[in-house]
Amino acid sequence: RFVIKGGLAGAAVYVAYDQGLLGSGTQGAEALRKAQAALPPAIQEWTNYIGWEVRTVQLPPAPNFEFSPSDSWNKGVQTVMSALSVAPTRACEYTVEGWKYVKDLVK
């Protein structure tokens, strides 16, 4: 079971990398546009293969975002990296404060 789950996870990461989802924000936005363009024809082809009769159903249009997903992604990555870069310093500061607190309690 572990090998199967690991294989599926590895395949998912490979597909995400291959499609440009793990690249820059611009590459991720381009991959999103490709997916939005390819999804309706893929659903139609799949239903034809299975034999379901699909009446002409109009899917609602994709929402129009007022913000750039790539800018939001980049801001999130910058925030996480900033937090990780100061984590060792903060851990030392909190350790010193904790020891001072314990010493004051022992007195």
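Taking the accessible area of the stretch 67-106, probe 1.4 Å, and keeping the other protein chains in place, the carbon and sulfur fraction comes to 68%.
For the stretch 1-60, the solvent-accessible area of protein heavy atoms averages 90 Å² per residue (probe radius 1.4 Å; ligands and nucleic acids excluded).
Between residue 37 and residue 102, the modelled label-to-label distance comes to 6.1 nm, taking each label 7 Å out from Cα in the direction of the beta carbon.
Using only Cα coordinates, the Kirkwood hydrodynamic radius of the stretch 67-106 works out to 12.4 Å. Per-residue packing, averaged as other Cβ atoms within 10 Å, sorts the ranges 17-28, 37-48 into the order 17-28, 37-48, beginning with the highest. Quick one: net charge of residue 100's neighbours, Cβ under 14 Å, K/R +1, D/E -1? Net charge in that neighbourhood comes out at -1. Taking every alpha-carbon pair within the stretch 1-60, the share separated by more than 19 Å comes to 55 percent.
Remark: spin-label model distance residue 24-residue 50 equals 4.0 nm, labels positioned 7 Å along the Cα→Cβ axis.
The values are calculated or read from the model by the stated rules, or taken from the named source; none is laboratory data. Just so it is clear, the structure is predicted and the values come from calculations on it, not from any experiment. Using ideal geometry, Cβ is built from the backbone for each residue, glycine included, and neighbour counts are taken over all protein chains shown. When the accessible area is computed, the model is the full protein with side chains, heavy atoms only, and any ligands, DNA or RNA have been set aside. Shrake-Rupley method; radii C 1.70, N 1.55, O 1.52, S 1.80 Å.
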